[in-house]
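Input: one structure, supplied below.
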Amino acid sequence: MADEVIGFVGIGRMGAPMAGRLIEAGHKLVVFDTVAATLEPLAKRGAVIAASAEDVASQADIVLISLPHPDVVRAVCLGDKGLAGGSRAKVVIDLSTTGPSIAKLVAGELAGRGIAWIDCPVSGGVTGAKAGTLAVIVSGPKDAVDRVEPILKVFGKLFNVGEKAGLAQSAKLANNLLAASALVVTSEAMAMAVKSGVDAKVMIDVINASSGRNSASQDKFPRAVLTRTFDFGFATGLSYKDVRLCIEEAEAMGIPMVAGSAVRQMLAVTKARFGYDADFTYVAKLLEEWAGVEIGGAKT
């Protein structure tokens, strides 16, 4: 294991700190991203820069990917100069949140080439990626998971949900739907309370000491809404993508998601109003505009 080379494709907001933690842990790393500038900090720390995803899979034994969308995962794994064309890698670990359908498809294609696929979406944001405190949700063949477990523990706490491709993705989508729902409904509740005259910080304290306590009231509002920074670290477009995928997968299984559909719509409106890259705490800003009130700021 110590002599194995690790590849990493997708050096974005999450990929960069995760790749950095692998270097800190003493692993040999080969990296690739279509944005060359993202690779320079890792190269200065000893990582080898590859020419393509295929090149990564020809230099590394195990390849991790952290990518934004299902289509990108498919292209990086199975497309021209993709991982499937590499000559060395025997395990691919997908850290992305892209849904069970693409996981099953890619897993099947790679299996035919003798490459094991491990679903491994993570939760905890950029802060957790930097600190190594992510929730690491894993599904895949037991022998492959056992082999890479020491690598994955560099990122945080592991939760093994089974061996079938797509199981970890289903778990992650369910979690992200809940996180987005908490943000949307907390924004509505806060707009109502503040407009009626309740101080925003006091209202958050009330919620967090009461039955309405949730991830948005405990973390996102104190850090990014009451402070007026709106910089929690997760794009509205990505949150919308996750919720949309969750609802589509649920509908394919015959599971109605009435409340989830409303959350998806709120994220779609927020994305249209503020842009794909706007932090998803801008949902609260949307409610402020509609309600004619400011949540937080000087009064807090």
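No value in this document is a laboratory result; all are computed from the given coordinates. Bear in mind that the values here come from a model prediction, so they are computed numbers and not experimental data. So basically every Cβ, Gly included, is an ideal-geometry build from the backbone, and we count neighbours across all protein chains shown.
Mind scanning Lys28/Lys172; Lys81/Lys164; Lys130/Lys220 and naming the pairs with a C-alpha gap bigger than 23 Å?
Result: Lys28/Lys172; Lys81/Lys164 exceed 23 Å.
What span do the alpha-carbon atoms of region 170-299 cover on each of the three principal axes, reported in whole Å from largest to smallest?
Principal-axis extents of the Cα atoms in region 170-299, largest first: 46, 32, 23 Å.
Can you tell me the relative contact order of the chain? Whole percent, Cα pairs under 8 Å, sequence separation 6 or more.
14 percent
Enter the Cα centre distance for the pair region 161-220 and region 97-135, rounded to the nearest angstrom.
Answer, in whole Å: 25.
Sticking with this structure for a sec: How tilted is helix 282-291 with respect to the longest principal axis of the chain? Cα atoms for both, answer in degrees (0 to 90, nearest 10).
The two axes meet at around 20 degrees.
Which value in deg cm²/dmol, rounded to the nearest 500, describes the helix-derived mean residue ellipticity at 222 nm for the chain, given -39,500 (n - 2.57) per DSSP H run of n ≥ 4 and division by the residue count?
The helix contribution divided over the chain gives -15000 deg cm²/dmol.
Could you tell me which of Ala174, Ala284, Val258 has its Cα farthest along the dipole of region 170-299 towards the positive end, charges placed at Cβ (Lys, Arg +1; Asp, Glu -1), taken about the Cα centre?
Most positive-ward Cα: Ala284.
Projecting each Cα onto the charge dipole of the chain (Lys/Arg +1, Asp/Glu -1 at the beta carbon, about the Cα centre), which of Ala43, Gly125, Ala216 comes out farthest on the positive side?
Positive-most Cα among the choices belongs to Ala216.
Among Ala75, Ala57, Ala171, which one shows the highest mean-square fluctuation when the chain is modelled as a Gaussian network with alpha-carbon springs under 10 Å?
For the chain, modelled as a Gaussian network with Cα springs under 10 Å, the answer is Ala75.
Here's something else I'd like to know. Against the longest principal axis of the chain, how steep is helix 258-274, in degrees 0 to 90 to the nearest 10, with axes from Cα atoms?
For helix 258-274, the angle is close to 90 degrees.
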